[in-house]
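Participant: Provided herewith is a single structure, encoded as structure tokens, for subsequent inquiry.
The values are calculated or read from the model by the stated rules, or taken from the named source; none is laboratory data. All values derive from a computational prediction rather than experimental measurement. Heads up, the Cβs are rebuilt from the backbone with ideal geometry, glycines too, and the neighbour counts pull from every protein chain shown. Surface areas here come from the heavy atoms of the whole protein model, side chains and all, with no ligands, DNA or RNA. Shrake-Rupley method; radii C 1.70, N 1.55, O 1.52, S 1.80 Å.
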Amino acid sequence: MDPLEPGTSFARYMFQDPVARERIVNWADFASATVDTMRRETARRPHDKRLTALVDELRASDDDVARWWDDHTVRDYASVAKRVDHPVAGPMAFDIEIVGAPHDPDQRLVVYTTEPDSPSARVLPILAGWNALAPW
């Protein structure tokens, strides 16, 4: 998978790129958290036409989004697990912590961690090295 271009919607990637469903082993958990977060953002920004259009587009094109949206769950995730089946490195597991700035709710720091001696931790330096050589 190539990195997402700046300005790319992560939600569109989650629901419209088949690679996301292929690679994220716990896709349903991660994707439903994405919908819960979009619901929170629509409450924070009720007049954001782009966000409303994105939600409408995703609800119309994906039954999972429509179902999760209609259950009315709102969450501000601070922790979530992500399991990835990397095409070269194999299975990888991460814990994700999301920290919000109290005086600027639009700023979020997303930190991926893994167990120190896990297969994920051992392969990350190799993947980072490949990324440094990539044309992007």
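Participant: Are there any pairs with C-beta distances below 6 angstrom linking a residue in the range 86-98 that is closer than 20 Å to Asp29 by Cα and without any contact (Cβ under 8 Å) to a residue 40 or more places away in the chain to a residue that is part of a strand (DSSP E or B) and of a type in the set (Gly, Ala, Ser), with the two at least 6 apart or on different chains, and if so which?
Facilitator: Asp95/Ala81; Glu97/Ser79
Participant: Does any residue in the range 112-127 that is surrounded by 11 or more Cβ atoms within 10 Å (Cβ to Cβ) come within less than 6 Å, Cβ to Cβ, of a residue that is part of a helix (DSSP H, G or I) six or more places away or on a different chain, and which pairs are these?
Facilitator: Taking only residues 6 or more apart or on different chains, the pairs are Thr114/Ser120; Thr114/Ala121.
Participant: Can you report the number of residues in the range 1-33 which are at pLDDT below 85 and of a type in the set (Asp, Glu)?
Facilitator: Result for the range 1-33: 2.
Participant: Further question: Under the condition of being over 22 Å from Thr8 (Cα atoms) and hydrophobic (A, V, I, L, M, F, W, C), which residue from the range 94-104 is least open to solvent (accessible area, probe 1.4 Å)?
Facilitator: Applying the filter and picking the extreme gives Phe94.
Participant: Could I ask something else about it? Restricted to the range 84-93, and to residues that are more than 12 Å from the chain's Cα centre (by Cα) and open to solvent by less than 60 Å² (accessible area, probe 1.4 Å), which residue is nearest to Arg23 (Cα to Cα)?
Facilitator: In this case the residue turns out to be His86.
Participant: Of all residues in the range 9-21, which are in contact (Cβ under 8 Å) with a residue 12 or more places away in the chain, under 16 Å from Arg83 (Cα atoms) and open to solvent by 20 Å² or more (accessible area, probe 1.4 Å)?
Facilitator: Val19
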